[in-house]
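Q: One structure, pasted below without further comment.
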């Protein structure tokens, strides 16, 4: 506020300035009483004069008029005393924000409509601030991948899981070199589509990417307590699962045709349900014939969780002639060993369905014990998957034959 100056007519002058606009207040004393006149030209260069008996009211009017002219509006506010005070207060509150009254009013009205009475604008702002922190550390997709892989190694994740991470997420890290917080759902879906794999593999990749993004949230690189961009990616439609199994007669033929090592592979796979990778890592010390169970350690399980699988009566009979105190049960490269195993079915005159031993175990075991939860526990799977894939595939009579497949002669 400039120091009052005298005009040529002897009136005292005060100036109120907002931005580049100055509004003057003239003091006069007609009939011996003070009168304060606010005088200025509006945006159309028209002379405007308003008089007040109180200096404070004149200042409020001058400030409001200057602000209105500064905003480029033609008509100057017509405010009553109480409204002028409220307007003056609003200007003071907004001064530090750099926002104008009209823009703030528009934003508030829009936010009020969006909230629909579910909370205040301040509550909404606090929620947004909590879930959209601007202080998050920046990490690239490649950096998150390296941290995630290292963390899983520290957690003693299974070799199969680590290989899966390196294969699927390794490609992710090369494609997404920028900040992970900038990756969108659309970009993720387009990348997955370029992998050139089937729906099952695409869903497996999607699941790992979601796990990676959840890891980033845990580390504080993405906002917590809200879905990530990966969560919103579409799930590929998978074709109905085709479950191929062996009949009791086919299993008997395979076991009688196979050599000692392959017999053990067939028997454990078909009568205990271990996965191929778990079979190839198995040690004789983990096959407890006296105790009646096989221990699948966390380090060797696909799910990285230890489980105990009962040794059924017929399985014990197949294993006992070949059992050793310790040492790898199966020697050789996994895929080459599997080729030797599947070759036996060709020699027997029938095909080897995909994952046939594990599928056979699940189907016949569920038909025998009638408990999806129990079978899932033995397989290291979920009850939903067991119930969905293996329910009513075989009859109780067929299951009885399966669990009676035993050696016809001493090994």
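Q: Based on what the data block shows, is residue 233 touching a helix residue (DSSP H, G or I) at 6+ places or on another chain (Cβ under 7 Å), in a loop (DSSP other than H, G, I, E, B) and at pLDDT 90 or above?
A: So residue 233 passes the test.
Q: Select from segment 162-198 the residues that are touching a strand residue (DSSP E or B) at 6+ places or on another chain (Cβ under 7 Å) and in a loop (DSSP other than H, G, I, E, B) and write down the one among them that is farthest from residue 275 (Cα to Cα).
A: This residue is 178.
Q: Part of a helix (DSSP H, G or I), at pLDDT below 90 and either within 19 Å of residue 308 (Cα to Cα) or under 35 Å from the mean Cα position of the chain (by Cα) (or both): which single residue out of 375, 386, 341 fits that description?
A: Going through 375, 386, 341 in turn, just one is part of a helix (DSSP H, G or I), at pLDDT below 90 and either within 19 Å of residue 308 (Cα to Cα) or under 35 Å from the mean Cα position of the chain (by Cα) (or both): 386.
Q: Here is a follow-up. Kindly check whether there is at least one residue in segment 301-311 that is surrounded by 13 or more Cβ atoms within 10 Å (Cβ to Cβ), assigned to a helix (DSSP H, G or I) and out of contact with any strand residue (DSSP E or B) (no Cβ under 6 Å at 6 or more places or on another chain).
A: No, there is no match, as no residue in segment 301-311 is surrounded by 13 or more Cβ atoms within 10 Å (Cβ to Cβ), assigned to a helix (DSSP H, G or I) and out of contact with any strand residue (DSSP E or B) (no Cβ under 6 Å at 6 or more places or on another chain).
The values are calculated or read from the model by the stated rules, or taken from the named source; none is laboratory data. Just so you know, these numbers come straight off a predicted model, no measurement behind them. Ideal geometry is used to build each Cβ from the backbone, glycine not excepted, and the neighbour counts take in all protein chains shown.
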